[in-house]
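The values are calculated or read from the model by the stated rules, or taken from the named source; none is laboratory data. A quick note: this is a predicted structure, and the numbers were derived from the prediction, not measured. Please note: Cβ atoms are built from the backbone with ideal geometry, for glycine as well, and neighbour counts cover all protein chains shown. The protein model used for the area step is the full one, side chains on, heavy atoms only, and it has no ligands, DNA or RNA in it. Shrake-Rupley method; radii C 1.70, N 1.55, O 1.52, S 1.80 Å.
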Amino acid sequence: GPEGDGNGNSRSQPPQGTHLNGWRGPTEPCEQTPPITSGPDKGSQVTVEIHHEDTSPQLIKRLSLGRGSQRLRGHDNKGFQKTEAPRPPGAKDLHAYPWDKSSLKSMPVDLQQLEKLDAYALKVNVKNSVEELVKALLKQARTDLEKVRAIWMWICHHIEYDVVGYHNKSQLSSKPRDVLQMGKSICEGYAELFEHMCSLAGIQCKKLSGHAKGHGYKTGQTFTGDSDHAWNAVYLEGRWHLLDSTWGSGSVDDSFTKFTHRYNEFYFLTHPALFINNHFPDNSNWQLLKPTLTLKEFENNMLHNSNFYMLGLLATHPETPIIQTVNGKASVSVDCRPGTLFMFKLKGTDEHGLMTLKKHGMELDIYPQKTGRHKLEIFAKPSKAEASDDVYKCVVEYVVECESVDKAMRFPKELHQPVGPSWFSERHGFLRPSQRQPVLHTNDGRCSLTFTLSKDISVLTSLHTDGSSLMEDMGRRHVLQIHRRNQIELKVHLPHAGNFVLKIYSKKKSDPGNYDYIFNYLIRCMNTEVKWPAFPQSYSKWLQDYEILEPL
């Protein structure tokens, strides 16, 4: 069923009639059948060649007779044109694997141009017959792409996933008429309704089945037995394209009891090299990929969900979902387009890692403090988000297998992710940091950082460590600010050895309000003899361009 939701669907019904699912047929290379006559073409001869599944698809034109001869549209559906029977995929349908990072879709789609059609399709409210529904939807659709789009939008917004039926499949019908009447179904019904509506609209469409990394999928699991999901291929502008209207319509909660309509554009004409990420068809020709992947490769590949690509992320390293720590440490990085913010959770907390933001992604070092298998989740959001998108979405999951713990890499509770300077601190006016790395090591308990301030800002700093050795006001007094024109120097004197967090806040000088937290550093000192007193107390009359020389 649904994405991240609904694995383990019923076996597809055995094909009725001669619906050659996977193009299976007699073992003879070719078989002559009597001519078929249908509708207005009475008397025209159609030769049907049925070939063995293993023969190479591009060389042979075949014709599949869908359930009886209902595919050969004629007098039985008044007012609808004939649909040719689907041809199997050939060389011109294939896309290169791995993904070339160009487009999320397998053909150019101008979503803005489709907005009016989308709005029209959502409003169509015809439930008495599939034929009437298709007629109504096609009123505003001219091109084949527009016809498929109208059908897609309608199904994604009007059919809901049947969580009850999923648990009790014997009562369930996937027949298009029943799905329309009930307004709900499982993936099988979505795919059959899609196929039927397309054939009424004169578009070649095929229902595909296979394995999906959907609801209940566990990182690194294997797939055995019957397929558990169904989706479609549609034939547009001379090529086959893939879509999944079940996953386009929404998602199911973890307990698999409640479906939420949440439209997902990603699964409309998805680029095959991305679709293979979580859809593995029974017949590998329908991967539409060159080269095709094996089931083993599919199982071992990283699962990037639709959020990953919709947020403009490009790749993760390592490429395998299960990582082993080396000397208590594991490293992960993500490549993306500029301006993406990240966070992570290891077993539900972000205390055991060091994440740094890079212009084109992020880097993360993980130091689990317990041995065993831990779930690592990585979240992302655009930094310039509209309010509605201003939440972190999970984009990728790893399992970290930890054999030994590095106790030295325990971080103070006050440490905030990401650590160190980045494009984010630059955007807030802290340019040219003298210390670019997130962790500062000092042997004598002193360190100094300088920045060029690009804006007219006031800066506030504080020093923190675990335990009660530094109360808040003292934490401020162990950092001294020195301003020289648009440069600021921060001098830090540590009160003792240990791990410290230097937090940096700022506000516009003209703003009366509070300071905003911007970024922080981790400062480490192992020398137990270190014992610096606080800097002299300064008061509000001390002006920014004063500088205290000695004693400090």
task: Mind listing just one residue for me: the one in region 214-232 that is without any contact (Cβ under 8 Å) to a residue 60 or more places away in the chain and outside any strand (DSSP E or B) and, of those, least open to solvent (accessible area, probe 1.4 Å)?
output: Gly225
field: Failed item in (1) of a type in the set (Asp, Glu); (2) at pLDDT 95 or above; (3) over 23 Å from the mean Cα position of the chain (by Cα); (4) more than 18 Å from Trp240 (Cβ to Cβ), with Asp76 passing the rest
entry: (2)
- prompt: Is it fair to say Gly202 is at pLDDT 95 or above and at positive phi?
  reply: yes
field: Every residue from region 120-133 that is under 32 Å from the mean Cα position of the chain (by Cα) and in a helix (DSSP H, G or I)
entry: Tyr120, Ala121, Leu122, Lys123
task: Please indicate, with yes or no, whether at least one residue in region 452-460 is touching a strand residue (DSSP E or B) at 6+ places or on another chain (Cβ under 6 Å) and either assigned to a loop (DSSP other than H, G, I, E, B) or touching a residue at least 60 places away in the same chain (Cβ under 8 Å) (or both).
output: yes
task: Report whether or not Tyr546 is open to solvent by 70 Å² or more (accessible area, probe 1.4 Å) and modelled with pLDDT of 90 or more.
output: no
task: For region 509-522, enumerate the residues that are under 13 Å from Glu414 (Cβ atoms) and at pLDDT below 95.
output: none
task: May I ask you to verify whether His211 is within 20 Å of Cys156 (Cα to Cα) and either open to solvent by 10 Å² or more (accessible area, probe 1.4 Å) or among the β-branched types (Val, Ile, Thr) (or both)?
output: no
field: Residues satisfying the stated conditions in region 275-298, i.e. in contact with a Lys or Arg (Cβ under 9 Å, 6 or more places away or on another chain) and either outside any loop (DSSP other than H, G, I, E, B) or open to solvent by less than 10 Å² (accessible area, probe 1.4 Å) (or both)
entry: Asn278, His279, Phe280, Trp286, Leu288, Phe298
- request: Would you check which residues across region 180-204 are more than 24 Å from Ala119 (Cα to Cα) and either outside any helix (DSSP H, G or I) or not assigned by the TED database to the domain that holds Asp118 (or both) and list them?
  value: Ile186, Gln204
field: Conditions (1) free of Cβ contacts under 8 Å to residues at least 40 places away in the same chain; (2) under 15 Å from Lys503 (Cβ atoms); (3) not hydrophobic (A, V, I, L, M, F, W, C); number of the one not met by Glu414
entry: (1)
- request: Give just the number: which of (1) more than 12 Å from Leu193 (Cα to Cα); (2) touching a residue at least 60 places away in the same chain (Cβ under 8 Å); (3) open to solvent by 10 Å² or more (accessible area, probe 1.4 Å) does Ser174 not satisfy?
  value: (1)
- request: Among residues belonging to region 314-358 that are among the charged types (D, E, K, R) and either over 29 Å from Phe298 (Cβ atoms) or free of Cβ contacts under 8 Å to residues at least 12 places away in the same chain (or both), point out the one that is least open to solvent (accessible area, probe 1.4 Å).
  value: Asp350
field: Filtered residues of region 138-179 (kept if in a loop (DSSP other than H, G, I, E, B) and out of contact with any strand residue (DSSP E or B) (no Cβ under 7 Å at 6 or more places or on another chain))
entry: Lys139, Gln140, Ala141, Arg142, Thr143, Asn168, Leu172, Ser173, Lys175
Glu363 vs. criteria at pLDDT below 95, surrounded by 13 or more Cβ atoms within 10 Å (Cβ to Cβ) and more than 17 Å from Asn307 (Cα to Cα): no
message: Give me the residue from region 118-143 that is open to solvent by 70 Å² or more (accessible area, probe 1.4 Å) and in contact with a Leu (Cβ under 7 Å, 6 or more places away or on another chain) and, out of that set, modelled with the lowest pLDDT.
response: Lys127
statement: Scanning region 474-490 for residues that are in contact (Cβ under 8 Å) with a residue 40 or more places away in the chain, over 14 Å from Gln544 (Cβ atoms) and under 43 Å from the mean Cα position of the chain (by Cα) gives Val479
field: Given (1) within 29 Å of Lys413 (Cβ to Cβ); (2) in contact with a strand residue (DSSP E or B) (Cβ under 8 Å, 6 or more places away or on another chain); (3) assigned to a loop (DSSP other than H, G, I, E, B), number of the condition Thr528 does not satisfy
entry: (2)
Options Tyr263, Tyr235; residue that is in the same structural domain as Met107 (by the TED database), surrounded by fewer than 24 Cβ atoms within 10 Å (Cβ to Cβ), touching a Cys at 6+ places or on another chain (Cβ under 8 Å) and outside any loop (DSSP other than H, G, I, E, B): Tyr235
query: Which one is farthest from Pro433 (Cα to Cα) among residues in region 471-508 that are at pLDDT 90 or above, in contact with a strand residue (DSSP E or B) (Cβ under 6 Å, 6 or more places away or on another chain) and not in a strand (DSSP E or B)?
result: Ala497
- request: Spot the failing condition for Ala385; the list is (1) modelled with pLDDT under 95; (2) among the aliphatic types (A, V, I, L, M); (3) assigned to a strand (DSSP E or B), and only one is missed.
  value: (3)
query: Is it fair to say His360 is in contact with a Ser or Thr (Cβ under 6 Å, 6 or more places away or on another chain) and farther than 30 Å from Ser468 by Cα?
result: no
- request: Tell me which residues, restricted to region 425-473, are more than 37 Å from the chain's Cα centre (by Cα), buried (at least 17 other Cβ atoms within 10 Å of the Cβ), within 13 Å of Asn499 (Cα to Cα) and not aliphatic (A, V, I, L, M).
  value: Thr442, Gly445
